[in-house]
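Taking it in order: structure first as structure tokens, then the write-up.
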Amino acid sequence: LVDNNADVSVLEVHRLDNITDAERKEKEDYVSIMKDNLDLIILVGNTQALSPEGQYLVCKDILEFVQTFAPLSYKMEWDNVGLLCGRGDKEVKTVLVALDPFEHVCREAAEEGADLLVTHHPLIFRALPTVTDETTVARALMTLIRSGISHICAHTNLDCAPGGVNDVLAMTLRLDEI
């Protein structure tokens, strides 16, 4: 996602799993050098969310960062976005990023020791009449809560953002007049 008019300079995402120790060290050295020029660094895999000062962020810092390029005002009226589960003041050392917060994704977040799950689609879309082990949504939510994992969602606000999902799809399909 790139918007040259945004206040945010750079978001970099680095995958650190399935690479050699030398490659991991090279990426970590690069991040160490570049952190003064970045607003947020996310290392995916053995994931760390760090401020430019190298300090761990809290959930609300990451949510505020996401909202710099996908503000809540862009969401559709019927949508549910933002911090959907957990504490805004929770320190984030590990992040799991996924398209959907399916039950197996929430279990993976718990197994990997994630502090935060960031997804495109919301886990809680409509009000839940009950939170029991009888539905997949409730079981997924219970997994996050039991494991102390917060959940942030950027759905239609990211779809509609300049340079967001809709723009990328249109560009990929080479659509000129939208």
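The values are calculated or read from the model by the stated rules, or taken from the named source; none is laboratory data. Computed from a prediction, not measured in an experiment: that's the story for all the values here. Positions of Cβ are backbone-derived with ideal geometry, glycine not excepted, and every protein chain shown enters the neighbour counts. Please note that ligands, DNA and RNA were not included when accessible areas were found on the heavy atoms of the full protein model with its side chains. Shrake-Rupley method; radii C 1.70, N 1.55, O 1.52, S 1.80 Å.
Below are the figures for this structure:
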| read-out | value |
| --- | --- |
| Where LEU116 falls short, out of the listed (1) touching a residue at least 24 places away in the same chain (Cβ under 8 Å); (2) exposed (fewer than 15 other Cβ atoms within 10 Å of the Cβ); (3) aliphatic (A, V, I, L, M) | (2) |
| Among residues of the range 55-86, those that are open to solvent by 40 Å² or more (accessible area, probe 1.4 Å), within 21 Å of GLY113 (Cβ to Cβ) and modelled with pLDDT under 95, counted | 4 |
| Subset of the range 122-159 (residues that are under 19 Å from ARG87 (Cα atoms), open to solvent by 50 Å² or more (accessible area, probe 1.4 Å) and either under 13 Å from the mean Cα position of the chain (by Cα) or of a type in the set (Ser, Thr, Tyr) (or both)) | SER147 |
